[in-house]
Amino acid sequence: MPVWQQHPWRTALVGGTALVLIWMIFAIWPDWLVDILGRKKTFVNTLLNGLTLAGLYFLVASGFTLIFGLMRNVNLAHGSMYLLGGYIGYEVAETSGNWILGAAAAFMALALIGAALQVTVFRRMQGDDLRQTMLTIGISIIAADLMLASWGGTTYQFQPPEVLFGAIELPIISALRSSGEAVYIKYPFYRLFVLMVAVATGVALWLFLNKTKIGMMIRAGVDDRSMLAAAGVNVDRIFVFVFAIGAGLAGLAGVIGGTALSIAPGEDIRYLLASLVVVIVGGMGSITGAAIGALLIGLAEQFGLAYFPTYGVVLTFVIMIAALAIRPQGIMGR
Amino acid sequence: MKQVHPNWWLAAALLVLYPFPANDFFTVQIGAYSLILGTIALSLMILAGYGGMVSLSQLTAAGLAAYMVPILGTNTQGVLGFGWSYWFTLPVAVLTAALFSALVGLIAVRNSGIYMIMITLAVAVSVFFFTRQNYEIFNGFTGYSGIEAPKPFGLDLRAPIPFYYLCLIVAVTFVLTTLYTARTPFGLSLQAVRDNPRRASALGYSVPAVRISAFFLAGIIAGVGGIMLVFLNGRISPGTIGVDVVIDILVIAVVGGLRHPIGPFLGALAFVLLENFAIDLIDRERFNTVIGGAFLLIVLFSPDGLLGLWGRLKPQIGLASMTTKRGSQSSGLDIEPNSLKGRLSNENV
């Protein structure tokens, strides 16, 4: 049965919202709307910022949720991996002068560190949630301090590659000049690139999990780990592999986020919390859930900052508590 | 009347006589501060040890109680400050912490294990941000300062020795109450819910009600700890309830041991000593590496903290006879030596 017959009201609501949103993006705003929401430029920019941030959150949280979904491993050092990825990427990009090389190095380095962490630490305490949590908290405390020691308290910012530099004009009219000439909205191209990377990663992860043999094994492992082992699959190797991908994604996100925003001490906790909230809202272990959660949280954060600046930060947590009250297992959780 | 092992009398005598050889710094900054941190960590230990619920928002409950003191009483910032007498302010502050803790419990008890850790952490962070952004009630980034302890009957409670004894009385009262409560029907039902929620529920206990009551009681302890903290510092600001401090409290409880209410106080003492004297051992800047490393070692090699370490070392240094003796005397006093792993995996059934 098609979705619109199964849930006619929900479909109408979602479709209606989408239509209104599309109209709001492309139409020239009438005066009454400007009176309510302020200038259209602010709105569209906030929307795009929110989407970009959501993309970044998705990159960080997808690794977190992948690791949790398969192995029930709680890696509270995930934020430290983000920050370390940023620093490593920065060093490599600075010395080689190549941004792409920096991003690749961050991915590889963190994938290796993640695999090492899985083999040395998590394998020893499989199924022992609390100890894993404590241990990764300990690791993140030490990692934060050592990173502070070697990179100092200054803020680093990457230079994005030349191709991605500058702003582009979007086919969205922000307002009409008195002469009747249309003013188009400009937006930094790099930020759109972040969004594209996030979407590409999401699609790639989805294809990988749903269309490849290893992906099939991973999904089977999420459902029943011991049965998968009994079917003759080397589960330990898959664990290391998934952990490496998850950690590598965090490292990559460090470079991408460090270019869009910046990297500095404290960002580790920020992104750890963001990924926690994203996966709590979206449902632990679900990539789709991480995407939905990232969208909700990214948009809420940016709209909160733009329209109610004082309590914008609190808004994300209000969303989380509301989501938990209605669906304790998260939107896509089982 | 149950016999008490001489070691406990010795410990009591040491704690009571401690301020006399010690100077003001040791009395307040080491002694009283350890007792306060221990009290707040005790609130976490009760939930984690007896209830199998690791809540990271207990420091936040303590912080809210601490905020209530200048908000309801007097402050020098000129924000709110109803000027209530301490006889009203302090009970209301404790009640606020307890209600907040129960509210967190209400949200969190539907999930368990790691989910609960994450939810309570998120609540703690959102309150931290809220207090930092809100100027009408919490006076934003600066918070409140110049808060004075009450002076009932002319006795300055903030003077080093009275303050130390106040903290000691609070801590001892809560430890004894915890030990007593653990053996009441409520305490036993809480442990039953920890060990096997489905079975406890089948026996007719309301699992959420038991858990939320535990959150409420733990909130009272946290609240009193928070009030002591604000008396000690004379100020309260969002930094007091920041994420790093939340993690410190968790570290204290885990390093001390989650099996016996004495654990958090041992952990707090170790933490405070490290915090003050690590500077002599290692560069002041790298304090977090030291504390994180100590925490890591404890988690890796002694899952039940310093208490567990002591329990295992005792037989090796020739105190074996004492261990058994104490064990037989205090049976029922300690909670079941169930490993945390068992607790949490039961939770996840």
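Structure summary
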read-out	value
Set B:S57, B:S85: member being out of contact with any His (no Cβ under 7 Å at 6 or more places or on another chain) and crowded, with 22+ Cβ neighbours inside 10 Å	B:S57
Residue tally, condition within 12 Å of another protein chain (Cβ to nearest Cβ) and either part of a helix (DSSP H, G or I) or in contact with a strand residue (DSSP E or B) (Cβ under 7 Å, 6 or more places away or on another chain) (or both), over segment B:253-277	3
Some residue of segment B:240-249 being crowded, with 22+ Cβ neighbours inside 10 Å, outside any helix (DSSP H, G or I), at pLDDT below 90 and not charged (D, E, K, R)	no
Answer residue from segment A:118-131, given it is facing chain B (nearest Cβ under 8 Å) and in a helix (DSSP H, G or I) and is most open to solvent (accessible area, probe 1.4 Å) among those	A:R131
Residue within segment B:192-200 that is charged (D, E, K, R) and within 14 Å of chain A (Cβ to nearest Cβ) present	yes
Residue that is surrounded by the most Cβ atoms within 10 Å (Cβ to Cβ) [pool: residues in segment B:130-160 that are without any contact (Cβ under 8 Å) to a residue 60 or more places away in the chain and among the aromatic types (F, W, Y)]	B:F130
Given (1) modelled with pLDDT of 85 or more; (2) surrounded by 24 or more Cβ atoms within 10 Å (Cβ to Cβ), index of the condition A:M320 fails	(1)
Selection count, segment B:93-119, where residues are facing chain A (nearest Cβ under 7 Å) and out of contact with any Asp or Glu (no Cβ under 9 Å at 6 or more places or on another chain)	5
Condition met for A:A264 (open to solvent by 10 Å² or more (accessible area, probe 1.4 Å), more than 8 Å from chain B (Cβ to nearest Cβ) and among the hydrophobic types (A, V, I, L, M, F, W, C))	yes
Unique residue being closer than 21 Å to A:N75 by Cβ, within 11 Å of chain B (Cβ to nearest Cβ), surrounded by 19 or more Cβ atoms within 10 Å (Cβ to Cβ) and out of contact with any Leu (no Cβ under 6 Å at 6 or more places or on another chain) when the list is A:A274, A:A290, A:A294	A:A274
Residue that is nearest to the chain's Cα centre (by Cα), among those in segment B:120-131 that are more than 8 Å from every other protein chain (Cβ to nearest Cβ) and not hydroxyl-bearing (S, T, Y)	B:A124
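The values are calculated or read from the model by the stated rules, or taken from the named source; none is laboratory data. What you are looking at is a predicted structure, and each value in this text was computed from that prediction instead of being measured. In this analysis, Cβ positions are derived from the backbone assuming ideal geometry, glycine residues included, and neighbour counts consider all displayed protein chains. The area values use the complete protein model at the heavy-atom level, side chains included, leaving out ligands, DNA and RNA. Shrake-Rupley method; radii C 1.70, N 1.55, O 1.52, S 1.80 Å.
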